[in-house]
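Participant: Have a look at this one before I ask anything.
The values are calculated or read from the model by the stated rules, or taken from the named source; none is laboratory data. Everything quoted here is computed from the prediction, not taken from an experiment. Cβ: placed from backbone, ideal geometry, glycine included. Neighbour counts: every protein chain shown. Heavy atoms of the whole protein, side chains included, go into the accessibility calculation; ligands, DNA and RNA do not. Shrake-Rupley method; radii C 1.70, N 1.55, O 1.52, S 1.80 Å.
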Amino acid sequence: MSESSPSSLPGSSEAPPGLVPGLTPELRRRLGWAGVVVGVCSVVLGVAAIAWPGVTLVVVAVLFGAQLLVTGIRRILLGVAAPGLETWVRALLVVLGVMVTIAGLICMRNPFTSLAVIVVLVSVSWLLDGAGDLVSAFSGGREPGQRALLAVGGVLSVVGALVILFWPALALLTLTRVGGWILVILGVAQVATAARAVRSGHAAPPATAATPPAAPA
């Protein structure tokens, strides 16, 4: 009779196929809910940017800075809390998260800066965050559905960044309208991706202590 492999024991912390290895169901749920919060914040901030009456440079800096701040913090948490990922992937996610967080803080602490500076900060940060999603999508042995959602989110971030960066004669009103719609789309993609992580955490059986094999008679 063959012995059960360590990964098949009830107390094993190995992730089910298609999920990031090294994450317990509880941690997957928490990170998933954090992703839902970030996605909802992106949608709310995007709608606010689109509908804000008499938008000013200060409003734009605060709205987009807040989105970069919460996105960067979540990226850092993903890099720190995923021990199953390769070391270079975790390090890259943390570095990208720190850079995006710093960009968000700059926008919020210096809201009277020029429109050009805000455009550069937002577009470069979206490029970095999109790169983080694409790296995450193709690492960790994810299932096709989760991989596709992350890849789509990464591509949307990169495309949105390029649109903002290279839009001809970008004006303040154009930035708020175009950037607002991009935030809404990115937020919906983030919520969809995070919801899968929440469901996977609830579906996974709770870890229990492994039962030692019975002694032979």
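Participant: Here are some conditions: (1) touching a helix residue (DSSP H, G or I) at 6+ places or on another chain (Cβ under 6 Å); (2) assigned to a helix (DSSP H, G or I); (3) at pLDDT below 85. Gly187 meets all but one. Which one does it not meet?
Facilitator: (3)
Participant: I would also like to ask the following. With respect to Gly72, is the statement that it is farther than 25 Å from Ser139 by Cα, modelled with pLDDT of 85 or more and crowded, with 22+ Cβ neighbours inside 10 Å true?
Facilitator: Numbers: farther than 25 Å from Ser139 by Cα: no; modelled with pLDDT of 85 or more: yes; crowded, with 22+ Cβ neighbours inside 10 Å: yes.
So Gly72 fails the test.
Participant: Are any of the residues in segment 34-50 open to solvent by 50 Å² or more (accessible area, probe 1.4 Å), modelled with pLDDT of 80 or more and farther than 23 Å from Leu150 by Cβ? Walk me through it before giving the result.
Facilitator: The initial filter retains those residues of segment 34-50 that are open to solvent by 50 Å² or more (accessible area, probe 1.4 Å), namely 37, 40, 44, 47.
Checking the rest, the ones that are also modelled with pLDDT of 80 or more come to 37, 40, 44, 47.
Still in the running and farther than 23 Å from Leu150 by Cβ: 47.
Checked segment 34-50: at least one residue is open to solvent by 50 Å² or more (accessible area, probe 1.4 Å), modelled with pLDDT of 80 or more and farther than 23 Å from Leu150 by Cβ.
Participant: Now, a different point. Answer with yes or no whether Arg147 is among the basic types (Lys, Arg) and more than 22 Å from Trp88 (Cα to Cα).
Facilitator: No, not satisfied.
Participant: Here's a follow-up. Residues in segment 70-91: is at least one out of contact with any helix residue (DSSP H, G or I) (no Cβ under 6 Å at 6 or more places or on another chain), under 21 Å from Ala161 (Cβ atoms), of a type in the set (Gly, Ala, Ser) and assigned to a helix (DSSP H, G or I)?
Facilitator: No, there is no match, as no residue in segment 70-91 is out of contact with any helix residue (DSSP H, G or I) (no Cβ under 6 Å at 6 or more places or on another chain), under 21 Å from Ala161 (Cβ atoms), of a type in the set (Gly, Ala, Ser) and assigned to a helix (DSSP H, G or I).
Participant: Answer yes if at least one residue in segment 165-182 is open to solvent by less than 30 Å² (accessible area, probe 1.4 Å), under 19 Å from Val36 (Cα atoms) and at pLDDT 80 or above, and no otherwise.
Facilitator: yes
Participant: Restricting the search to segment 30-55, which residues are free of Cβ contacts under 8 Å to residues at least 60 places away in the same chain and not in a helix (DSSP H, G or I)?
Facilitator: Pro53, Gly54
Participant: Here's something else I'd like to know. For segment 121-142, check the following and say yes or no: at least one residue is farther than 23 Å from Ala189 by Cβ and open to solvent by 40 Å² or more (accessible area, probe 1.4 Å). Full working, then the answer.
Facilitator: As a first pass, look at segment 121-142 and keep what is farther than 23 Å from Ala189 by Cβ: none.
Looking through segment 121-142, none of the residues is farther than 23 Å from Ala189 by Cβ and open to solvent by 40 Å² or more (accessible area, probe 1.4 Å).
Participant: Which ones in segment 102-112 are open to solvent by 20 Å² or more (accessible area, probe 1.4 Å) and either within 16 Å of Ile73 (Cα to Cα) or out of contact with any Leu (no Cβ under 8 Å at 6 or more places or on another chain) (or both)?
Facilitator: Passing the criteria: Ile102, Leu105, Ile106, Met108, Arg109, Asn110.
Participant: Mind checking whether some residue in segment 201-212 is closer than 18 Å to Ser42 by Cα, in a helix (DSSP H, G or I) and either modelled with pLDDT under 80 or among the aromatic types (Phe, Trp, Tyr) (or both)?
Facilitator: We begin by selecting, within segment 201-212, every residue closer than 18 Å to Ser42 by Cα; these are none.
No, segment 201-212 contains no residue that is closer than 18 Å to Ser42 by Cα, in a helix (DSSP H, G or I) and either modelled with pLDDT under 80 or among the aromatic types (Phe, Trp, Tyr) (or both).
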